Structures are given as C-alpha cells and as structure tokens.
Amino acid sequence: MKAAAASATLNHPIRLYPSPISRQIDFPARRSQPLAHNSGKGLKLYRNESVCSTSSVICAVNGGQGGYVSAWDEKPYELLPNGKRAYLDEQDVVTFLDPPKELIPLDSASYNPAAYLWKKIDDIPQERRRRLLRLLEPRLISRAWEIAGTRYEEPKLMNRSSSQLLSNEDGVSLEYYNCRTSGGPMLISWINFFKTAIFSCKDGNVYGRFIGETILNGLANSFSPLYFVVSQLKEVMATEQPCDLAYEFGDGLFDLHEYPEGFPRPVKHPYPFNDQVVVYVRHLGPGVSVGQAWQEGKALQQVPQKLCGDILMVKDYSTLREDQ
C-alpha cells in the first residue's frame, strides 16, 4: 500500500504497530474492506479482513506520511505494567487458539489451521516453548487438539513429527516432555502436571513413562514407574478420530532389557493404569504434541471413557540456556 493510500484510509496521523497481544497475526483470509479506520475510539479491525502481516505493518505519521516498518526490528517481548515480559511469539499461539471476534477470518476453508499453528510454534525459540504450558488454559488445550485434527486433511502435512526421536533423526535416544492436562479425576490429580520420558531401545521399540513432579509422586515413581510402549496407531478407538501415535500402558510388565540410567525396573501398573489405558497423540508443532488419555477397559462390555482432559506436551529443552 502506498503512503497516499495509507493516508486516505486513516483519517489523521496514527501509527499502526503489531498488536501487543498478537503482533497482528496474518490470518490468511482475503481483505474485503479497508484495513482499518479511526472512529475516535481507537483502531478497529474488521471481522472479514486479513489483519496486518507480521512481516510488515503500515505506518502513517507526520500528517499522513507513511511507509513500511519491519516487524523483525521489534523486541520479541513487551513489558507489562507489573514488570513482567509478554513474549510475542507465544502470544501469537494463544491468540490464534482464542482469537477476539474481530480477528476471526470468515473463510476458514482458505487455509489449514494446523499448518498455520505449526508455523507459529516453530517461530518460538526452543527454550521458550515450555511457556505454552502456563499460557494455554485448559479449554485452549482442548482447542489445540481440535485444530491438530485438521492436519490430516492435507497429505503433505501428514509426515510432520514433533519429535526427532520418533522420526529417527540425529540418533536421539531420550526425550523429556513437560505436560499439562485440562483436568483429571481426584484419584490421579497429580496428572494435571507431570513429565513424560520417551526413549528408544536396541530392540527397535520406543517406550516411555509418566513421571510425577512432587516429592510424594517421586516415591510413587520408584514403585510404579508407569511405563508404556509407543505405537504407530492412526485412530482413536473410542471416537474413530485420526491421531499419530498411541502410548499403550498395558499391565506395565514390559520386558525391558535396557532403559535410561536411574530408571526403575517395570512393575505391574496400579489402577486405573492397569485397565487398558491408552494416550492418543497428535503432533501440534516442533517439540509440541497434544494427547487424549482413554481408559478402554479389559472387559469387552466396558465403555471407553476419558481418563483425564486433553494433554499438552512440550519438549524439555532445559539443557539449553533459558532466555529470561
């Protein structure tokens, strides 16, 4: 857009910067009305238009003189009134999952939400992705599961993986994930926040375990390490929805001849994990997955039920220096 066009669109001098919340996520819907207008009560974005691109924003200053300002020249965060930092890349993900009505594009068929969310997660530096565990409230974790389901509508997106270990790259043998659920029963309330370890063995299989993070859970981890085997399942049994992987707990008595140093030997799972519990996983972005845990039951007549809410899993990059 030329400077003259910007001047005509904006009634008087105003500078348009990326939103402090979303950096004006570039929803790929076509614009059918002027980008913005000044109603005297601030800037209004139209519901059926694309908002400003993160690669450039329009500036109209000094009596209507305008040009392009690169968003890459910005700092990656803004300072909040309480002195804390709000990182813009993470806020992009939150805003995409829970956009204000003004930012919702009308033509949802014009792009693939899962591909766009994948790109936004990829924009977040590895060592900061764990912030999503705090920023995504339970209902947004469930929303992330839904959006991840649109990835299966695009064949070229099907082979994307959130894990180097699971894609057999770089010879990685052990990965840790910090996890948060959207809710769980009192019997296993610790499952709202926990860790998952995924590791490969020389037998060619990939295994994992749930790890509680409190002192009490640490004692339980020694006696009930909650191991599972990772399988390439393509469908959630109870709902027939697509997925990428399944964490199958079985009875816990896996014949593991090797496991990471310090890990306890497998033992029989306590209830409810001994009742055919399976966690179905969808890749959401680099280092980020979302899952659903189902208690499918050993009895044939038992109706499968969700063990807990949806689970957000973010790879632990604690070996890297955290950007504070």
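Just to be sure, is Q301 among the polar types (S, T, N, Q) and on the phi > 0 side of the Ramachandran plot?
When the stated conditions are applied, Q301 does not pass them.
Looking at (1) hydroxyl-bearing (S, T, Y); (2) surrounded by 15 or more Cβ atoms within 10 Å (Cβ to Cβ); (3) at pLDDT below 50; (4) in contact with a Phe, Trp or Tyr (Cβ under 8 Å, 6 or more places away or on another chain), find the lone condition where Y46 falls short.
Condition not satisfied by Y46: (4).
Considering only helices (runs of 4 or more DSSP H) fully contained in the range 100-155, which possess at least 3 residues that are touching a Leu at 6+ places or on another chain (Cβ under 7 Å) and surrounded by 15 or more Cβ atoms within 10 Å (Cβ to Cβ)?
Counting at least 3 such residues, we get 113-123, 138-148.
Answer yes or no as to whether D310 is surrounded by 21 or more Cβ atoms within 10 Å (Cβ to Cβ), modelled with pLDDT under 95 and under 15 Å from the mean Cα position of the chain (by Cα).
So D310 passes the test.
Scan the range 277-287 and give yes if some residue there is at pLDDT below 95, farther than 30 Å from L132 by Cα and surrounded by 13 or more Cβ atoms within 10 Å (Cβ to Cβ), otherwise no.
For the range 277-287, residues at pLDDT below 95, farther than 30 Å from L132 by Cα and surrounded by 13 or more Cβ atoms within 10 Å (Cβ to Cβ): absent.
Has the range 71-83 got any residue that is at pLDDT below 85, crowded, with 16+ Cβ neighbours inside 10 Å and more than 23 Å from the chain's Cα centre (by Cα)?
Within the range 71-83, one or more residues are at pLDDT below 85, crowded, with 16+ Cβ neighbours inside 10 Å and more than 23 Å from the chain's Cα centre (by Cα).
The values are calculated or read from the model by the stated rules, or taken from the named source; none is laboratory data. All values derive from a computational prediction rather than experimental measurement. Every residue, glycine as well, gets a Cβ built from its backbone with ideal geometry; the counts of neighbours run over all protein chains shown.
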